Amino acid sequence: MSEYSNIKANVPTEIPSKNGKEVELEDDTNQINLENITTSQVITGPPPPSPPFDPIKRINDGFKYFKLNEFNKNMPAYRKLADKAEPKFLIFACSDSRVCPITILNLRPGEAFITRNIANMVPAFNQQRYCEVGAVIKYAILVCKVEAILVFGHCRCGGIERLVCLPDGKTSSPDSVDDWVSIGKPAKAKVVGKNPKASGLELRTLVEKESVMNSLANLLTYPQVKSGVTSNKIKLIGGHYDFVCGHFDILGTRS
């Protein structure tokens, strides 16, 4: 016989009554004691709104973190950089906030001379237009003496999306963004010619990559670049970063 067989359950044998009427038993475990409800259990509505963005605080907090965790721990390297910078790369990157070549390629301060614009484009050499691009290239080669120029493309580029939506032809636009991304029209035409059925994200990705190669070709129209490549002192590299999948591909080189 089970050791528990002689234990009697503590259950009332009679239903209590009051004034001759049966009364339902109360289950204390199902009763809610309102006095024991804490303030955290009371629904008070939506949470309060977040404080407004304070750019000065964000800048100061960011610098404090950098100073403590980066600068103070690498002071000899920063003292060396204070005397002279000798970057090996000139990088043309997009202005997109999701794309940071320094972080993505794990570069250290002093390794890369970087310029950014919409859709990481390099226009063909023109002494009348785009003088800032020519100035960056000339300074990087003659003063910094870079050994490689990287055009850093990326996925889901808003500038390339704008380019894809532009009408074909050489019609000029008063819009500054449209005028700039028109630099990539040869890349778009080449992609559409080879892939007439491509559309949507597929088309944009193909144009992103071909635009990088178009910029490599345009780099060779700059006298300093052509001279450096011809003498094997400079290598041109085209890359494409996919921040959705976490991939980086070398699309091509010129040397």
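The values are calculated or read from the model by the stated rules, or taken from the named source; none is laboratory data. Just so we're clear, the structure is a prediction, and the values are computed from it rather than from any experiment. Note that each Cβ is placed from the backbone with ideal geometry, even for glycine, and that neighbours are counted across all protein chains shown. Heads up: the accessible areas ignore ligands, DNA and RNA and are worked out on the full protein's heavy atoms, side chains in. Shrake-Rupley method; radii C 1.70, N 1.55, O 1.52, S 1.80 Å.
Give me the residue from the stretch 39-86 that is among the hydroxyl-bearing types (Ser, Thr, Tyr) and exposed (fewer than 10 other Cβ atoms within 10 Å of the Cβ) and, out of that set, nearest to the chain's Cα centre (by Cα).
Going through the qualifying residues, I end up with Ser50.
Return the pairs, sorted by first residue and then second, in which the second residue is surrounded by 14 or more Cβ atoms within 10 Å (Cβ to Cβ) and at pLDDT below 95, the first residue lies in the stretch 228-255 and is over 16 Å from Ser211 (Cβ atoms), the beta carbons are less than 8 Å apart, and the residues are 6+ apart or on different chains.
Every condition considered, the pairs that remain are Val229/Arg254; Lys235/Arg254.
Kindly indicate whether any position in the stretch 235-254 is on the phi < 0 side of the Ramachandran plot and of a type in the set (S, T, N, Q).
Yes; the residues of the stretch 235-254 include at least one that is on the phi < 0 side of the Ramachandran plot and of a type in the set (S, T, N, Q).
What single numbered condition from (1) touching a helix residue (DSSP H, G or I) at 6+ places or on another chain (Cβ under 7 Å); (2) modelled with pLDDT under 95; (3) over 24 Å from Asn126 (Cα atoms) fails to hold for Ser173?
(3)
Has the stretch 132-141 got at least one residue that is outside any loop (DSSP other than H, G, I, E, B), modelled with pLDDT of 95 or more, touching a Ser or Thr at 6+ places or on another chain (Cβ under 7 Å) and of a type in the set (A, V, I, L, M)?
yes
Which of the residues belonging to the stretch 200-255 are outside any helix (DSSP H, G or I) and acidic (Asp, Glu)?
Of all residues in the stretch 200-255, those outside any helix (DSSP H, G or I) come to 220-222, 231-255.
Hits for the stretch 200-255 are Asp242, Asp249.
Give just the number: which of (1) buried (at least 18 other Cβ atoms within 10 Å of the Cβ); (2) more than 22 Å from Cys131 (Cα to Cα) does Glu161 not satisfy?
So the condition that Glu161 fails would be (1).
Could you please give the count of residues in the stretch 142-161 that are touching a Pro at 6+ places or on another chain (Cβ under 7 Å) and part of a loop (DSSP other than H, G, I, E, B)?
2
Please enumerate the residues belonging to the stretch 87-103 that are surrounded by 17 or more Cβ atoms within 10 Å (Cβ to Cβ) and either more than 25 Å from the chain's Cα centre (by Cα) or not in a loop (DSSP other than H, G, I, E, B) (or both).
Phe89, Leu90, Ile91, Phe92, Ala93, Cys94, Pro101
Condition first: under 25 Å from Phe243 (Cα atoms) and part of a helix (DSSP H, G or I). Can you find one or more residues in the stretch 165-177 that meet it?
yes
Please work out which residue is nearest to the chain's Cα centre (by Cα), limiting yourself to the stretch 184-213 and to residues that are open to solvent by 20 Å² or more (accessible area, probe 1.4 Å) and hydrophobic (A, V, I, L, M, F, W, C).
Applying the filter and picking the extreme gives Leu201.
Six or more apart or on different chains, Cβ atoms under 8 Å: show the pairs whose first residue is in the stretch 118-137 and touching a residue at least 60 places away in the same chain (Cβ under 8 Å) and farther than 24 Å from Gly158 by Cα and whose second is open to solvent by 60 Å² or more (accessible area, probe 1.4 Å) and hydroxyl-bearing (Ser, Thr, Tyr).
Phe125/Thr221
Determine, yes or no, whether Ile102 is farther than 21 Å from Ser227 by Cα and of a type in the set (Val, Ile, Thr). Even if it seems obvious, please write down each step before you answer.
Details: farther than 21 Å from Ser227 by Cα: yes; of a type in the set (Val, Ile, Thr): yes.
Here the answer is yes, as Ile102 does meet what is asked.
Name the residues in the stretch 214-252 that are surrounded by fewer than 18 Cβ atoms within 10 Å (Cβ to Cβ) and within 19 Å of Lys190 (Cβ to Cβ), would you?
Listed by number, the residues that qualify are Ala217, Leu220, Thr221, Asp249, Leu251, Gly252.
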